[in-house]
Amino acid sequence: MKRKETANDKLNAHLASRLEELHQEHPDMGYRRLNDKLRHQDKIRVNDKRILRICRKQQIRSNLKYRYDGCTRHPGIRHISQKTF
């Protein structure tokens, strides 16, 4: 027996299609940055966990695995224990 489609089901379907569009434009974005785009561009405020669940269901994943321009570690800086004083 099929249940009636609720407002949450409709919102999830809308979010899934919008996330697909955003992922086509920005394949390097993960679910957190996609959620930020939804908040700022479309004024849609939903929980990160909902976006994560929809992304997993639609198999939307970021193409960028690691970012190498982080601010905490640089290749030229050694740890304090390796410095000679």
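The values are calculated or read from the model by the stated rules, or taken from the named source; none is laboratory data. These numbers were taken from a predicted model, which means no experiment stands behind them. Note that we place each Cβ from the backbone using ideal geometry, even for glycine, and neighbour counts take in every protein chain shown. Surface accessibility is based on the protein's heavy atoms, side chains included, excluding ligands, DNA and RNA. Shrake-Rupley method; radii C 1.70, N 1.55, O 1.52, S 1.80 Å.
So the values come out like this:
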| item | result |
| --- | --- |
| Residue satisfying all of: in segment 1-48; of a type in the set (Lys, Arg) and surrounded by 10 or more Cβ atoms within 10 Å (Cβ to Cβ); farthest from the chain's Cα centre (by Cα) among these | Lys10 |
| Inter-residue pairs, beta-carbon under 7 Å, first under 14 Å from Ile51 (Cβ atoms) and in segment 1-27, second open to solvent by 60 Å² or more (accessible area, probe 1.4 Å), 6+ apart | Ala16/Gln58; Leu19/Gln58; Glu20/Gln58 |
| Long-range neighbours under 7 Å by Cβ, at least six apart or interchain, first residue without any contact (Cβ under 8 Å) to a residue 60 or more places away in the chain and more than 14 Å from Asn8 (Cα to Cα) within segment 39-60, second open to solvent by 50 Å² or more (accessible area, probe 1.4 Å) and outside any helix (DSSP H, G or I) | Arg39/Arg45 |
| Extreme residue, least open to solvent (accessible area, probe 1.4 Å), among residues of segment 59-80 that are under 18 Å from Asp36 (Cβ atoms) and either modelled with pLDDT of 90 or more or not polar (S, T, N, Q) (or both) | Ile60 |
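To keep it simple, each residue is scored yes or no on (1) hydroxyl-bearing (Ser, Thr, Tyr); (2) in contact with a helix residue (DSSP H, G or I) (Cβ under 6 Å, 6 or more places away or on another chain); (3) assigned to a helix (DSSP H, G or I).
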{"site": "Arg3", "(1), (2), (3)": "no, no, no"}
{"site": "Asp9", "(1), (2), (3)": "no, no, yes"}
{"site": "Ala13", "(1), (2), (3)": "no, no, yes"}
{"site": "Asp36", "(1), (2), (3)": "no, no, yes"}
{"site": "Leu52", "(1), (2), (3)": "no, yes, yes"}
{"site": "Lys57", "(1), (2), (3)": "no, no, yes"}
